[in-house]
Amino acid sequence: SLGDIIKDVCVTNIGDILLAGYTYSADYPIIGNAYQSLYGGGPFDCFYSRFSSTGMLLYSTFVGGTYGDAFHTVTTLGNGNIVFAGGSTSSNYPITPGAYQSMFMGDDAVITVFSGGDSLLWSTFLGGAAWTEYITGIAVSGNNVFVVGSFAGWDYPSTPNAAQSNFGGGNMDAFVASFD
């Protein structure tokens, strides 16, 4: 084991404990019908682990491509689905059909949704071609998922009438995005 970093934790409505983070270890404990049972490669991969309220490991999986991938945050939706967010440098990070952004633009933010039954439902990139984007926080309100993070570059995708539609300069700018 080379190193495992837990970035966030949340508790489901039935008391299960969800861990999100990234690992440098190809031997991270994978259990259950894992979405991705093998380490994807590169310096680190995302991981997602689910424990029962009594501490029993119920499910654990890698999520990632051939370069660096990291989950920074996790939350649950009212329907029991689980939302993870972070960043990826892998052009082959798992993106689902119908994603907001299916094209890898470089060092992109990622949003990935698993069902309460631990199958991948939806996953998207979020970012532009210039430099880097990553998500550090997530919140849910009704059917909307809000993410916050940082980006460095002039081509972050903004919507019409955004409070600030252009990169402000310096090292990085913050962003807020909403998905339904």
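With a simple spin-label model that places each label point 7 Å from the Cα along the Cα-to-Cβ direction, the separation between L2 and M103 comes to 3.2 nm. Net charge in the neighbourhood of F51 (other residues with Cβ under 15 Å of its Cβ; Lys, Arg +1, Asp, Glu -1) is -3. For the chain, the spherically averaged projection of the C-alpha convex hull amounts to 10.1 nm².
On the accessible surface of the chain, probed at 1.4 Å, how many percent belong to carbon and sulfur atoms?
Working: 4710 of 8510 Å².
Ligands and nucleic acids excluded, carbon and sulfur give 55 percent.
Taking every alpha-carbon pair within the stretch 63-107, the share separated by more than 14 Å comes to 56 percent.
Global size of the stretch 86-129: 10.2, 34 Å for Rg and Dmax (C-alpha atoms, Rg to one decimal, Dmax whole).
The values are calculated or read from the model by the stated rules, or taken from the named source; none is laboratory data. Here the structure is a predicted model, which is why all the values come from computation and not from measurement. In this analysis, Cβ positions are derived from the backbone assuming ideal geometry, glycine residues included, and neighbour counts consider all displayed protein chains. The protein model used for the area step is the full one, side chains on, heavy atoms only, and it has no ligands, DNA or RNA in it. Shrake-Rupley method; radii C 1.70, N 1.55, O 1.52, S 1.80 Å.
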